[in-house]
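Following: one structure in structure tokens, then a few remarks.
Just so you know, all these numbers are worked out from the coordinates, no wet-lab data involved. From a predicted model like this one, the values you see are computed outputs, not experimental measurements. Counting neighbours? That spans all protein chains shown, and the Cβs are built from the backbone with ideal geometry, glycine included.
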Ligand SMILES: [Zn+2]
């Protein structure tokens, strides 16, 4: 497991909770003890343009504090996807998040859709023909869904469940029912944690999810899997859940 990160992700680029001061500090500290870090590189405009319209890109460019970090977050996620393709599981610890960014609009603390840019790039380059996206964030990734709505080659899952047990059961059902694909990507929001906004999932559940993703990847796509941070606003539990997910992606159950 490689962690894609950059010290600039500690910059406070807006006043929203995803940009909160110190949000990624506990996660960085914790993950550094167990995993190798790779420095994130900014995405190329050509890759952003695979998903977003020129109008939307211009709007983000006008947010001068946000733009360089939005490029870095998308680029770091693409690096994670390329590592995954080479059989090296990876987690992109990045911000701003992306799953509420649609081709021509964004909201919910998102600007460019990191996971969509990464998956679309691998598809466009002919490196994969199909992908499965599992979104474990509290919120539905409307941006990701809108991006791939017309593209049959990408399946998007967003399990719902009002308590820990029901949510896990739904996640299991959806993974079991998913079509085989060339790669599995996880939109890893941790705001569904029991001590975060969603008050649902235990820390250990993220380990379970990670191990299911690994099992799925081994079974269907030669272990090609990556995850990218989305939401998660309790800084301490974000760290615990990210660690559990990353460890789970290295363990089979
Ligand atoms: Zn969320």
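Summary of computed values
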quantity: The chain: most fluctuating residue of 40, 227, 178 per GNM, C-alpha cutoff 10 Å; calculated: 178
quantity: Hypothetical label at residue 204: residues of the range 142-177 whose amide nitrogen lies under 14 Å (7 Å Cα-Cβ projection); calculated: 164-165
quantity: Bridge type composition, the chain - antiparallel percent by DSSP, nearest 5; calculated: 10 percent
quantity: Distance between modelled label sites at residue 127 and residue 165, nm, 7 Å Cα→Cβ extension; calculated: 4.2 nm
quantity: Max mean-square fluctuation residue, GNM over the chain, Cα-Cα springs under 10 Å, options 120, 169, 150; calculated: 150
quantity: The chain: relative contact order in percent, alpha carbon pairs under 8 Å with at least 6 residues between; calculated: 22 percent
quantity: Share, in percent, of DSSP beta bridges within the range 48-194 that are antiparallel, nearest 5; calculated: 20 percent
quantity: Candidates 81, 90, 177, ranked by Gaussian network fluctuation over the chain, Cα under 10 Å, top entry; calculated: 177
quantity: Per-bin percent of Cα-Cα distances, the chain [10 Å]; calculated: 8, 36, 40, 15, 1
quantity: Value of [θ]222 nm, deg cm²/dmol, for the chain, DSSP H segments ≥ 4, -39500 (n - 2.57) each, nearest 500; calculated: -13000 deg cm²/dmol
quantity: Part-to-part distance (alpha-carbon centres) for the range 33-58 and the range 171-218, which is given in Å; calculated: 23 Å
quantity: Kirkwood-Stokes translational diffusion coefficient of the range 1-69, alpha-carbon pairs, 37 °C, 0.692 mPa s, µm²/s; calculated: 236 µm²/s
quantity: Segment residue 150-residue 250, length gained on full extension (0.36 nm per residue, minus Cα span); calculated: 32.7 nm
